[in-house]
Each structure stands twice: as C-alpha cells, then as structure tokens.
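What follows is one structure encoded as structure tokens, with my remarks underneath.
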Amino acid sequence: MAKLDGRRFGAFLKDQGGTRVVLLFGEDAGMARERADALQQAVLGGDDPFRLAELPREAAARPGALAGEVSALSMTGGRRLIRVRDANDSIAPGVKEALAAPGDALLVLEAGELTARGKLRALLEPHAAAAVVACYRERGAELAATIATMLREQKVEAAPAALDWLAQRLGEDRMMLRREVEKLALYAGEGGRLSEEDVLACIGDGSALDLDEALIAATCGDIPLADRALDAALAEGAHPVMVVRSALRHVQRLHLASLAMAAGASASAALEGLRPPVFFRAKPGFERALRCWSPEALQAAGDALLVAERRTKSSSAARPIPDQSIVREAVLTIARQAFAASRRRA
C-alpha cells in the first residue's frame, strides 16, 4: 500500500487489508495520536490488555523485540496491535525484522517529522505490507471541512462564516482542535447551530483578537490604536513570527480586494469576493483601509513584510535586534503609511 493519503484513512480504518505496519509521521503530533487511537479502536474495539502492547522507543530498538511482539499470539484470540510512540530511525532495523517475522499483528508507529531519505520512510514507503500516512496541519478550506465534520459528530452545525473564522484561528494541533470543538458543541447543545457571534463568544482568543484589531488599525492609519493592540497581543503570547505572517495575510487580502476595486468593483463587492470571507466585525475596518491604499502600495507593503519575516527567522548571532522590535517596526510602518495616505486623500 505504501503512501496513504489522509483522505483515504477513513476507508483504511474499515479494512486494513494485508497491512502489517502503519507509520504515522509529521508535524501534527495530535493528528498522529488521533489516527493511532482510531486504528486501535478499529482493530481491538478498545483497550484490550491481551491484544494491545505498547513499547517505548528504546525497547522497540532492541534486536528481536518488535519481531517477537508481532509473532506473539493473543491469549483471547483476534488480531494484536503493537504501538510505538515517538518512533524514529533508530528502530528501523527492528521494524525490518518485524516485517519478515510470522504473525498478523498490526504494528503502529507514531513519529514526528521524518525526512524522505530517513531509514523508516525509505524502508516502509516502497513496502507492500506497510502504510505511510503523513500528518500535517490542515489549513483553509481543508481545516474548515474537518471542523464541520467534528461538529457533526457532536450533532452540531455551524454557519460557513463561523467555520471560516475557526479555520483561521484553530488547527495548530489536532488534539487542541478537538478540545475546542468539544467546547463549541457543549455551548451549542445537541441539534444547535453556531453563528459567527457564537464562536467569538465561546473561544475568542485574546491574543488573536488583539492582533486582528492591531492589523486593521494599522492599515487604517490609526497609529495609537495599532500600537496599543499590538502591545496587548504580544503580552497575551502572540509569537512575533505569527504576527508578521498574520500581517502579511491581511495585506495580501487587502491587495486582492484593492485589485478588484481597480477593476470597477465597489468596496463591499470586493470584500464579498474574498475567500475565506471577511469576518463580520472586521468589514468596516477593511473598507476604511481600502480607502487608504492603492494596489501598488499594498504590494510594496507585502514585500516589506516578507523581509520582516525573514529577519524574524534569521539566526540570533546574525540578528542583534529582538523579534518583537522587528515586528513592531513592520506593523507601525504600515500604520504610518496608511495615516499619511489618509491625510493626502482628506
């Protein structure tokens, strides 16, 4: 089977065929853990101590350990499942032994980031009895669809705009995402429907809301408000790289709307055409910002933010300026440019 697309994982849960080893790897440890739990449930129907074995990585790396586990018979009958968390290339020789050993047990490996040339992926990706599943963080429409599915599992629906808002602010880790979705389901109640106002009231994150306010204020030319809101966002824990990337996305969306207006669309029509849609509370600020900027100026602002992003990610030895200072300079430069443009157009 080799590489298994995440979209086919649901079907794989129902029928693993002749698969003997499943490797779950990638940056989203929560997604890998969730998929491993789902496999355990599908194979065992729960936590059967006679059919489940969990080995630490160090034990799994010992010669013969994994081969012995996959060859062992269950005392109560049925297929056994062996889980190894935090797997890495050190256990590749043991996995190779397990594939050659007799038995029908399923070996499930949870790993973090693995290079394509690493020993585990090089061993398993071409192997007919292995399934390799990448677990990378979802974004945009894909993440919104996952959130909608999770809510439906709880018998809750959500308005498309609410799903878009959630997709922009959740999804750093699948386990964290599921906890937030469960919170929303409790808020809505079985059979409920969530609006934009509901999701904001339920899980509005302080740093994210402050950052939104800072970016809208900056592109509108409100320098004092941009400064205060940015201070609040950083104090609430907003990471400087996240701030500059959010600023870049904000400016890019304004640029798309500005291009639509240059082609003859009204401000409201240009905003309606953005995907994901502009959050209802942010629309007045977006419209004010569009009056301050030309497409060319927004393009230049985006280029400057790309430079700021590279500066925040450069090594500390080559970067004596603190990340927060770089971010503050970038955001307040945008605010000053917008203020100057608004004064010229007044």
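Every read-out reported here was derived from the displayed coordinates using simple, explicitly stated rules and does not represent laboratory data. Everything quoted here is computed from the prediction, not taken from an experiment. Here the Cβ positions follow ideal geometry from the backbone for every residue, glycine too, while neighbour counts run over all protein chains shown.
Treating the beta-carbon of each Lys and Arg as +1 and of each Asp and Glu as -1, no other charges, what is the dipole magnitude of segment 206-345 about its Cα centre, to the nearest 20 debye?
300 debye
Taking each full run of DSSP H in the chain as one helix, which ones are at least 24 Å long along their axis (Cα atoms) and have mean Kyte-Doolittle hydropathy of at least 0.5?
240-262
Taking neighbour Cβ counts within 10 Å as the exposure measure, how do R85, R139 sort from fewest upward?
R139, R85
As a test of the formula, what do you get for the chain when each DSSP H run with n ≥ 4 contributes -39,500 (n - 2.57) and the sum is divided by the residue count, at 222 nm and rounded to the nearest 500 deg cm²/dmol?
My calculation for the chain gives -18000 deg cm²/dmol from helical runs alone.
For segment 136-196, which chymotrypsin sites (Phe, Trp or Tyr not before Pro) are both in a DSSP coil and crowded by at most 14 other Cβ atoms within 10 Å? Display every interim value, and only then the final one.
Values: sites: Y136, W165, Y187; in loops: Y136.
Here the sparse-neighbourhood loop sites are Y136.
Taking Cα pairs under 8 Å and at least six residues apart, what relative contact order does segment 206-345 come out at, in percent? Numbers along the way, then the final one.
Working: 172 pairs, mean separation 52.6, N = 140.
RCO, segment 206-345: 38 percent.
Listing E58, E27 from the residue with the fewest other Cβ atoms within 10 Å to the one with the most, what is the order?
The most exposed by this proxy come first: E58, E27.
Which number comes out as Rg/Rh for segment 1-90 once both Rg and the Kirkwood Rh are worked out on C-alpha atoms?
Ratio of gyration radius to Kirkwood radius: 0.94.
I'd like the distance between the alpha-carbon centres of segment 245-272 and segment 1-41, rounded to an integer number of Å.
40 Å
With contacts defined as alpha carbon pairs under 8 Å and 6 or more residues apart, what's the relative contact order of segment 2-134 in percent?
Relative contact order of segment 2-134: 39 percent.
From the square roots a ≥ b ≥ c of the eigenvalues of the alpha-carbon gyration tensor of segment 157-273, which class results: rounded (a/c under 1.5), prolate (a/b over b/c), or oblate?
Values: a/c = 2.22, a/b = 1.31, b/c = 1.70.
Oblate, since a/c reaches 1.5 and b/c is not below a/b.
How long is the chain along each principal axis, judged by its Cα atoms, biggest number first, in Å?
81, 55, 37
Calculate the spin-label point distance for T149 paired with A129, positioning each point 7 Å from the Cα along the beta-carbon direction, and give it in nanometres.
2.9 nm
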